[in-house]
Amino acid sequence: ALVRDVVGHFEPQLKEKSQSVALSMPPALPFARVDGDGAARVIGNLLSNAHLYTPPGGHIDVTLTLAESDGHLQVSVADDGVGIAARDQRELFTRFFRGESAAQAGVIGTGLGLYIARSLVELRGGRIWCDSEPGRGSTFYVTFPIADVDV
């Protein structure tokens, strides 16, 4: 429900740029052990970045699955935007880092969003990373531990 809500919150902004978003998740997944506000902030940051770095008419895929690592759920946000150079990917989650793709796309920011997202995710026992190639878009992944007890 949290992922659906965050995606729904971004739909008006995506429509303004004629971007489409697809949400994919299996019907029955276990609950994750997360701080709802923090998890929403992380997923919102990833969606916001996908929106900012994807050109008008682009597409964003949000997928929720069981992670390959035992005991975690995984959210991925994939876009067909400008992509990120390998040298920038190494610094992406550090404070105040602004990659070459930010200037390329004309995106203004502080370079704190992904740093904060990483901090929030790691505090709760998860992980965040990126797979990207310039000109081919980016996929950001985040994992959250599965709750010990069904709620």
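Numerical summary
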{"quantity": "Leading residue by the ranking (farthest from residue 133 (Cα to Cα)) among those in the range 91-100 that are open to solvent by 40 Å² or more (accessible area, probe 1.4 Å) and modelled with pLDDT of 90 or more", "calculated": "95"}
{"quantity": "Sole residue being at pLDDT below 95 and open to solvent by less than 20 Å² (accessible area, probe 1.4 Å), chosen from 86, 67, 103", "calculated": "67"}
{"quantity": "Pair list, Cβ < 6 Å and 6+ apart or interchain, from the range 103-115 residues that are under 17 Å from residue 93 (Cα atoms) to residues that are modelled with pLDDT of 80 or more and among the charged types (D, E, K, R)", "calculated": "111/98; 115/95"}
{"quantity": "Residue check, residue 3 assigned to a loop (DSSP other than H, G, I, E, B) and under 19 Å from residue 114 (Cβ atoms)", "calculated": "no"}
{"quantity": "Residue under evaluation residue 127, criteria (1) in contact (Cβ under 8 Å) with a residue 12 or more places away in the chain; (2) surrounded by fewer than 18 Cβ atoms within 10 Å (Cβ to Cβ); (3) more than 22 Å from residue 4 (Cα to Cα), criterion not met", "calculated": "(3)"}
{"quantity": "Which listed residue, of 108, 116, is under 16 Å from the mean Cα position of the chain (by Cα) and open to solvent by 20 Å² or more (accessible area, probe 1.4 Å)", "calculated": "116"}
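One line per residue, one yes/no per condition, for (1) under 24 Å from residue 25 (Cα atoms); (2) in contact with a helix residue (DSSP H, G or I) (Cβ under 7 Å, 6 or more places away or on another chain):
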residue: 56; (1), (2): no, no
residue: 65; (1), (2): yes, no
residue: 93; (1), (2): no, yes
residue: 103; (1), (2): no, no
residue: 135; (1), (2): no, no
residue: 145; (1), (2): yes, no
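The values are calculated or read from the model by the stated rules, or taken from the named source; none is laboratory data. All of these numbers come straight from a predicted model, not from anything done at the bench. Using ideal geometry, Cβ is built from the backbone for each residue, glycine included, and neighbour counts are taken over all protein chains shown. What goes into the accessible areas is simple: the full protein's heavy atoms, side chains included, and nothing from ligands, DNA or RNA. Shrake-Rupley method; radii C 1.70, N 1.55, O 1.52, S 1.80 Å.
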